[in-house]
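Heads up, the thing below is written out as structure tokens.
The values are calculated or read from the model by the stated rules, or taken from the named source; none is laboratory data. Everything quoted here is computed from the prediction, not taken from an experiment. Don't worry about glycine lacking a Cβ; one is built from the backbone with ideal geometry, like all the others, and counts go over all protein chains shown. Note: areas computed on protein heavy atoms with side chains; ligands, DNA, RNA excluded. Shrake-Rupley method; radii C 1.70, N 1.55, O 1.52, S 1.80 Å.
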Amino acid sequence: MLQVILNEIRSCFRNGSTIFFSIFFPSLCAFFLGTLLESVEVSDAVVGELNIAYCIESSGYSADAFEEFIVSLDKEEVVNAVKITSEELDSVPENYSAAVKLSGTEITIYNGSNAVQNRTVKALIDGYNQTAAAYTAVAEKSPQALANIELSEDGCVKPHDFGRTRTMMDYYAVAMTIVIIFFGSCISGASVYSDEYANNTIDRINAAPISKTAVYFGKILGLLPLVLVQVGTVMTVSTLFFGAHFCSTAGENLLLFTMFICSSLAMLAVGVLLNLVFSKMQPWAILMPILWIMLFFSGVFHKDMYIEGITDYLPSRIILDAAFDLTSFSRPQRAVSVTVWSLVIFAALIAFGYIKVHSRQKSSRRKNT
């Protein structure tokens, strides 16, 4: 098994296309995209003046709480809020960023023409919904706890300094690391057996005095150094040579690196399982177009690329959002979740692959007897 591991490591680092697309290509893309697009795109969007028209079609405590929330935003000069009637809702002037309607407990947002302001209004309403849900949950379980809460005299909205101004280099350093997770790990995993068929060495492996399961695990272990090198190289080169910044603390950077490694392992397992099912597949011809399309529509190559109902569910987008939650806002929850689920997926797919290899080994033994 040790010999299989060493052979796999040597074959990975001898393959020129694997080295180029796994290490040099993402690093070069981070540099060129981050440098060239800095003057074209903006990494930090300016929201500008936010004018909101709101309409309330219900009464009671929920209506009072919602109006108090909107009025408080207006007092804090976060937005300029104007109350309108339901009849006026169909003819909201164009100078308003968005319109918001409360009907019962349902809040409807009518977007304007500015995408940045639309996302800002949605974030404000999402914040209100989460606060209202938390209040309701506490009120149902422990009403007395609400009476003991002391409200701060400070405003409900405070400016927050994130410590530094983000650049497009920061964006593409993260984005290109995600590219390597899918291109490097998934395609390398999908090549473990197809390369043997292409090099006419599969018969020699089958005839070797070693079980198929030992070959299977040996090949997977042999790919682990490549996973570490490709993620570590892109992050290190982007930081030291291109001036990119990831997280603000060493602990957060370690968590980010761990998340990228675990995600790479999950994609590696996906590629290996695909190669077990389709032994003679050509991963560069089959997987490359699929991965390009997925990465493109997840916003990896262009931050404003977003398709409602599709983008949020793409694996690359989930990892991208978790990474930016950690790098920009120091929120580790998504990164931890992605890390745990990646390990679960890796273990499950490796187990499925083992079952398939083991069943093949049994069937070959029956044929020989």
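For the condition more than 22 Å from residue 350 (Cα to Cα) and buried (at least 21 other Cβ atoms within 10 Å of the Cβ), what is the one hit in 268, 295? Can you show your working first?
Numbers: 268 fails: more than 22 Å from residue 350 (Cα to Cα).
Result of the check over 268, 295: 295.
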Check: What is the number of the single condition among (1) open to solvent by 50 Å² or more (accessible area, probe 1.4 Å); (2) assigned to a helix (DSSP H, G or I); (3) not aromatic (Phe, Trp, Tyr) that residue 308 does not meet?
Finding: (2)
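Regarding the stretch 233-254, can at least one residue be identified that is under 30 Å from residue 354 (Cα atoms), in contact with a helix residue (DSSP H, G or I) (Cβ under 6 Å, 6 or more places away or on another chain) and open to solvent by less than 30 Å² (accessible area, probe 1.4 Å)? Lay out the reasoning, then the answer.
First, pick out the residues of the stretch 233-254 that are under 30 Å from residue 354 (Cα atoms): none.
Within the stretch 233-254, not a single residue is under 30 Å from residue 354 (Cα atoms), in contact with a helix residue (DSSP H, G or I) (Cβ under 6 Å, 6 or more places away or on another chain) and open to solvent by less than 30 Å² (accessible area, probe 1.4 Å).
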Margin query: Test of understanding: among 280, 219, which residue is surrounded by 20 or more Cβ atoms within 10 Å (Cβ to Cβ) and among the basic types (Lys, Arg)?
Written below: 219
Margin query: Among the residues that make up the stretch 265-277, is at least one of them touching a residue at least 40 places away in the same chain (Cβ under 8 Å), in contact with a Phe, Trp or Tyr (Cβ under 8 Å, 6 or more places away or on another chain) and over 27 Å from residue 336 (Cβ atoms)?
Written below: yes
